[in-house]
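Colleague: Below is one structure. I have some questions about it.
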Amino acid sequence: MISNDELGFNLLKKKILDRTGVDCSKYKDNYLKRRIALRIKAIGIDPSYTGYYRFLEKNPSEYDTLLDGITINVSEFFRDVDTFNAVKKEVMPQLLAEKTKRKSRILRIWSAGCSIGEEPYTIGIILYEKLGPTLNEFVISIQATDIDGKALSAAKAGIYDAEALKKIDKSRISKYFDSVDGNDKYRIKDKVKHFVRFQKHDLISGKKFSHFDLIFCRNVMIYFGRELQSRLLLDFYDALNDGGYLIIGRTETMTGEAKDKFVCVNTRERIYKKNSKNS
Ligand SMILES: C[S@@+](CC[C@H](N)C(=O)[O-])C[C@H]1O[C@@H](n2cnc3c(N)ncnc32)[C@H](O)[C@@H]1O
């Protein structure tokens, strides 16, 4: 049990920011404390923030290990199958009808906090299926970003254990994956992979993006404090084209000023449409 040393905790957050550029103070305190406690236990040092501060000073490689612990990369293909079905059956038809009306053939999608790639590749699969023979009439880009460089390297390789594919049926697996050396590992096929561009990006301090039709930011904001959640939701609003959609995680909520800027189109699946009248 770590003593309730708020001063030590705050100094530690400042030290991590100075040294790594990652602003830990924007994550939920309780979440951060749990991750630090796990590191302290694993190292076996005196259970105090000051003790951990000293350890970091003497062992700079620990910064990377701590950041690995803070960026939880749990994901899977079709995580929350119903959400992706709703995107395919409810969101895509509306979006494509809108595109046709505006005579636009460009589709821009952002997977923010993409981890090791399952989410952006899942989006690629549903686009492939939805657009079918008209696929080549569109210019499609899926921008997939994450703060975690190691996760992005794995995402670019696009090779997964069978466990990550457990929600995908056999016929989809054979359509979209190649088996790797018969090793119970699967590589995503190029026909999906070529839609996706991976990029390192910190949602807290990184540049602002724009002109997206769809933004997925699922199971990322849950780790952040309320203030940052509110700011990010406004950033997503600004990053969407008129009539664009935001999809957040099933346990996440719309909060702050952004509440009036989006219309909820599917409550259960947390799908929101940009309410352009409120720009
Ligand atoms: C639990 S995964 C979610 C993956 C995927 N979106 C999903 O729903 O399955 C959370 C991801 O958020 C990323 N993340 C955490 N803090 C971040 C930040 N400040 N900026 C960008 N990505 C961040 C982590 O590295 C991790 O890959």
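Read the figures in this text as sums done on the coordinates, not as results from a lab. As the structure is a computational prediction, the values presented were derived from the model and not from experiment. Here the Cβ positions follow ideal geometry from the backbone for every residue, glycine too, while neighbour counts run over all protein chains shown.
Colleague: Just to be sure I understand: with springs between alpha-carbon atoms less than 10 Å apart, which residue in Ile125, Ile116, Ile106 has the highest mean-square fluctuation in the Gaussian network model of the chain?
Modeller: Between Ile125, Ile116, Ile106, it is Ile106 that shows the largest mean-square fluctuation.
Colleague: Put +1 on the Cβ of every Lys and Arg and -1 on every Asp and Glu Cβ in the chain; which of Ala164, Tyr31, Gln143 then has its Cα farthest towards the positive end of the dipole?
Modeller: Gln143
Colleague: Okay, moving on. With n ≥ 4 as the cut-off for DSSP H runs, can you work out [θ] at 222 nm for the chain, using -39500 (n - 2.57) per run divided by the number of residues, rounded to the nearest 500?
Modeller: One gets -12000 deg cm²/dmol as the mean residue ellipticity at 222 nm.
Colleague: Right, something else. Residue-wise, which Karplus ³J(HN,Hα) couplings in Hz belong to the range 204-214, taking 6.51 cos²θ - 1.76 cosθ + 1.60, θ = phi - 60°, and x for glycine or proline?
Modeller: 7, 10, x, 5, 8, 10, 8, 6, 9, 8, 9
Colleague: What value in Å³ per residue do you get for the convex hull of the alpha-carbon atoms in the range 60-113?
Modeller: 109 Å³
Colleague: Same structure, new question: What does the convex hull of the Cα atoms come to per residue for the range 1-156, in Å³?
Modeller: 143 Å³
Colleague: For the range 45-146, which chymotrypsin sites (Phe, Trp or Tyr not before Pro) are both in a DSSP coil and crowded by at most 16 other Cβ atoms within 10 Å?
Modeller: Phe138
Colleague: Can I ask one more? What ranking of Cys264, Cys114, Cys217 emerges when the number of other C-beta atoms within 10 Å of each C-beta is taken as an exposure proxy, fewest first?
Modeller: Going from sparsest to densest Cβ surroundings: Cys264, Cys217, Cys114.
Colleague: Please list the three semi-axes, largest first and in whole Å, of the ellipsoid equivalent to the range 175-279, using sqrt of 5 times the eigenvalues of its alpha carbon gyration tensor.
Modeller: 30, 15, 15
Colleague: Something else now. Please work out the FRET efficiency for the pair Asp260 and Thr20, using the Cβ-Cβ distance as r and a Förster radius of 35 Å; give the result to the nearest 0.05.
Modeller: My answer for the efficiency is 0.50.
Colleague: Could you tell me, in Å, what Rg and Dmax come out for the Cα atoms of the range 6-70?
Modeller: In Å, with Rg to one decimal and Dmax whole: 10.4, 27.
Colleague: Using DSSP to call loops (not H, G, I, E or B), can you name the trypsin sites (Lys or Arg not before Pro) in the range 148-208 whose Cβ has at most 16 other Cβ atoms within 10 angstrom?
Modeller: Lys166, Lys167, Lys207, Lys208
Colleague: Once amide H atoms are placed 1.01 Å from N in the peptide plane, what residues at a sequence separation of 5 or more from Gly243, or on another chain, have their amide H within under 5 Å of its amide H?
Modeller: Excluding prolines and chain starts, which carry no amide H, the hits are Lys274, Ser276.
Colleague: For a quick check: with amide H placed at 1.01 Å from N, whose amide H comes under 5 Å from Lys28's, ignoring anything fewer than 5 positions away on the same chain?
Modeller: Distant-sequence amide H within range of Lys28: Phe224, Gly225.
Colleague: For Asp64 and Asp46 in the same chain, what is the full-extension length gain: residue separation times 0.36 nm, less their Cα-Cα distance, in nm?
Modeller: 4.5 nm
Colleague: Estimate the FRET efficiency between Asp181 and Asn10 by the formula 1/(1 + (r/R0)^6), using the beta-carbon distance for r and 51 Å for R0, to the nearest 0.05.
Modeller: 0.55
Colleague: Which whole-percent values make up P(r) of the chain when all C-alpha to C-alpha distances are grouped in 10 Å steps starting at zero?
Modeller: Spelled out bin by bin, the chain gives 6, 27, 31, 22, 11, 3, 0 percent.
Colleague: Can I ask one more? Report the residue, chosen from Asp18, Asp80, Asp213, that carries the largest GNM mean-square fluctuation when the chain is represented by alpha-carbon nodes joined by springs under 10 Å.
Modeller: Its mean-square fluctuation being the largest, the pick is Asp18.
Colleague: In what order do Leu127, Leu234 fall by count of nearby beta-carbon atoms within 10 Å, going from fewest to most?
Modeller: In increasing order of surrounding Cβ atoms, one gets Leu234, Leu127.
Colleague: How long are the semi-axes of the equivalent ellipsoid of the range 94-157, taking √(5λ) for every eigenvalue λ of the Cα gyration tensor, in whole Å from largest down?
Modeller: They are 26, 12, 9 Å, listed largest first.
Colleague: Same structure, new question: Excluding residues on the same chain fewer than 8 positions from Lys273, give the lysines whose Cα lies under 25 Å from its Cα.
Modeller: Cross-link targets: Lys88, Lys89, Lys99, Lys101, Lys103, Lys130, Lys207, Lys208, Lys259, Lys261.
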